[in-house]
Amino acid sequence: MRYPPEHKAVARQKLISAGGALAKKAGFNNTGIDALAAAAQMTTGAFYSQFASKSELLTAIVEHELTQTTAAFAAKDELGLHQALAWYLSPRHVQHPEKGCLLPSLTAEIARADEATRLRFEQLLEPLLETLQNANHNKEQAWALLAQAVGGVMLARAVLSPNKQLEILQAVTKASVELLKSTPS
């Protein structure tokens, strides 16, 4: 059976999207290739027709997910940036990692990944950082904003109590708004 010309690209994107969602929810290292392929409703053979290795998929997931996160914060005015932060630091984002940002879910695993994946991660952090830096013109504060938002979601996911999750998210939201108000230096 012949597939249409775009079949390979569509299949690859399906593996990246579905594999990324599963990895963000269950952990990349904890998820086998069979499960990653099944999440995209594909076989392991189909996986290997797209990726030479599991680490190659991780790199593709990093590219896809960080590009999406950057787009979510890009070209926002002050109100738009506050809305993007409100979504990021929301209980919904905490409760549904598969629908959210890669950073709180997979950064620790990326830190243990191969050099190629880590290098690509580092390269793709720069546009995200620039997007945040455009809000207050301060690179140090952009790093701090990114780190506290990611860390806030990670901590909120780690605690059991919904009240404690909300307490963490509200504190980080308040601190994030203060960072955005800071005078550029």
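No lab work stands behind these numbers, since they all come straight from the coordinates. Predicted model, so just to flag it, every value in this text is computed and none were measured. Because the Cβ atoms are built from the backbone with ideal geometry, glycine has one as well, and the counts that use them run over all protein chains shown.
Some observations on this one:
- Around the Cα centre of the chain, unit charges on the Cβ atoms of Lys, Arg, Asp and Glu (plus for the first two, minus for the last two) sum to a dipole of about 480 debye.
- Rg and Dmax of the chain, Cα atoms only, in Å: 17.7, 62
- GNM top mover of Gly20, Gly100, Gly151 - the chain, alpha-carbon springs below 10 Å: Gly151
- Backbone N under 19 Å from the Glu178 label point (7 Å along Cα→Cβ), restricted to segment 141-172: 141-153, 155-156, 166-172
- Residue-wise HN-Hα couplings along segment 50-58, as the Karplus relation 6.51 cos²θ - 1.76 cosθ + 1.60 with θ = phi - 60° gives them from phi, are 9, 10, 6, 7, 5, 5, 5, 5, 4 Hz; Gly and Pro carry x.
- In segment 54-181, Cα pairs under 8 Å separated by at least six residues give a relative contact order of 32 percent.
- Per-residue ellipticity at 222 nm, computed for the chain from helices alone with -39500 (n - 2.57) per DSSP H run of at least four residues, works out to -24500 deg cm²/dmol.
- Cβ-derived FRET efficiency at R0 30 Å, Asn163 paired with Val10, nearest 0.05: 0.10
- Most tightly packed first, judged by the mean number of other beta-carbon atoms within 10 Å of their residues, the peptides 155-165, 56-66 read 56-66, 155-165.
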